[in-house]
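Since the structure comes first, as structure tokens, the remarks are kept for the end.
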Amino acid sequence: MNRLNPTVPADQYLADSNVLFYLNDAVIQLLEHKEEYNQFGVIRYFAEYFSSVKNSNHVLFREFNYIQATPHNRASFIRVFWKCYRQIGKSGDLLSMLEYRSLLQLLCPDFPVVLVQSAARIAVMDDTIDCLMSFSDFLYAFQLQFYYQEFLDCVLVIYQDLLAGKSPNTVIVPTSTSIEQIPSVSTEENNKEERPQDGVEPSTLVQCIDALCDRSKHSHPPRSCMREILNQTDRISYYSFLMSLAKQEAINQTIGVLPSKAELLIDPEMDQELDKLIAQIVVSPSSNSSSSAVGGLKEVQKKASPRRNIHHRRRMEVESDGSTEETDSSEN
């Protein structure tokens, strides 16, 4: 989140940092669960709430409207998804779109399937979304789709106008658009056979995208990245453009959450903890260690119900190492 800068006007800082949004949510949470929070004090509650926001743990098990409400929330949710499921990538498992949807909905129960479908299309470059995908391919595609959702929706509208044969002068560059205005995945599938050509001229597309960046209030990828991709080919399709964007290191640096692909699965501390756990199970297979571990997991799952907010007295928190730790705010 943005730090207070004396040179930035107060109104601009409040708008850029979304402080009022978080303050409003903190008050709502306090009023809804005041019986719990009154036991250890309002001041401590607000301290824990904003500490959670700062550490990017505040989006866990929250509703979709909350996690997509601010750029910081979106980046935090991408981080949580990466940290929670990094071992899937490390094991080399390939998962389907439906399986990634299930993983996302464990963290956000009402996460919309349409965004998962869009991310899957980027990962497989508009091939059938039933393809199995690696964790890293899906993660970078999901980061692009989720963080820049509104901007990409506008780009899709522009792309479809150009594909329909409209001249750049008649293409309407939207400043914002609703999900309902974007053709659904099934509609796009039905229209594939009717498309007269594969892709549009990059020079025309970049001209329209520049105009969109000038007018849109939504976050967008660095213009230099988009121009670099569009200058490398004679024709380009929408999903090939997004796939190339998803692989750009500058996207990671701009959002500031994911490392490079080479470092995505590196986590020595987590590896050591897993090795210790596996060693305990292997050394004492007849002991109660495995059963107690299972019992512990069941207890964690029970207490990590999405119905409970992470600011409750007993909550699940995703730490920086990707592990989950149960904390009791009543303990000193």
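Regarding segment 10-55, what's the average projected area of the Cα-atom convex hull, expressed in nm²?
3.4
Please list 3J(HN,Hα) in residue order for segment 146-157, calculated via the Karplus relation 6.51 cos²θ - 1.76 cosθ + 1.60 where θ = phi - 60°; whole Hz, with x for glycine and proline.
Listing the rounded values in order: 6, 6, 10, 3, 5, 5, 5, 4, 5, 4, 5, 4 Hz.
With each label point set 7 Å from Cα along the Cα-Cβ vector, what nm distance links residue 231 and residue 211?
2.2
Can you pull the accessible area of residue 220 for me, 1.4 Å probe, Å² to the nearest 10?
60
List the residues whose amide H sits under 5 Å from the amide H of residue 133, counting only those 5 or more places along or on another chain, with H placed 1.01 Å from N in the peptide plane.
Amide H to amide H, under 5 Å and 5 or more residues apart or across chains, residue 133 pairs with 95, 96.
Rounded, prolate or oblate: which fits segment 1-94 when a ≥ b ≥ c are the square roots of the eigenvalues of the alpha-carbon gyration tensor, with rounded for a/c under 1.5 and prolate only if a/b beats b/c?
oblate
Assuming 0.36 nm per residue, please report the length gained on full extension of the stretch residue 55 to residue 91 beyond their Cα-Cα distance.
Residue separation times 0.36 nm, minus the Cα-Cα distance, leaves 10.2 nm.
Using a 1.4 Å probe and counting only protein heavy atoms, arrange 254, 204 so the residue with the most accessible area comes first.
254, 204
Computed FRET efficiency, Cβ-Cβ of residue 19 and residue 167, R0 45 Å: what is it to the nearest 0.05?
FRET efficiency, residue 19 to residue 167: 0.50.
Take 215, 79, 101 and sort them by solvent-accessible surface of the protein heavy atoms, 1.4 Å probe, largest at the top.
215, 101, 79
Using each residue's phi in segment 237-252, evaluate 6.51 cos²θ - 1.76 cosθ + 1.60 at θ = phi - 60° and report the 3J(HN,Hα) Karplus result to the nearest Hz, with x for Gly and Pro.
9, 4, 6, 5, 5, 5, 4, 5, 5, 4, 8, 6, 5, 4, 5, 4
With every protein chain present, what is the per residue accessible area of segment 10-55 (1.4 Å probe, Å²)?
62
Taking 0.36 nm per residue of separation and subtracting the Cα-Cα distance, what length does fully extending residue 113 through residue 65 add?
Length gained, residue 113 through residue 65: 15.9 nm.
Are any of the pairs 90/247; 90/217; 90/276 more than 28 Å apart by Cα-Cα distance, and if so, which?
The pairs that break the limit, which is 28 Å between Cα atoms, are 90/217.
Using a 1.4 Å probe on the protein heavy atoms, what percent of the accessible area of segment 10-55 belongs to carbon and sulfur?
Looking at segment 10-55 in its full context, I get 59 percent from C and S.
Under a 1.4 angstrom probe, counting protein chains only, how are 84, 154 ranked by accessible area, largest first?
Correct descending sequence by accessible area is 84, 154.
The values are calculated or read from the model by the stated rules, or taken from the named source; none is laboratory data. Here the structure is a predicted model, which means the values were calculated and not measured. Heads up, the Cβs are rebuilt from the backbone with ideal geometry, glycines too, and the neighbour counts pull from every protein chain shown. Accessible surface areas use protein heavy atoms only, side chains included; no ligands, DNA or RNA. Shrake-Rupley method; radii C 1.70, N 1.55, O 1.52, S 1.80 Å.
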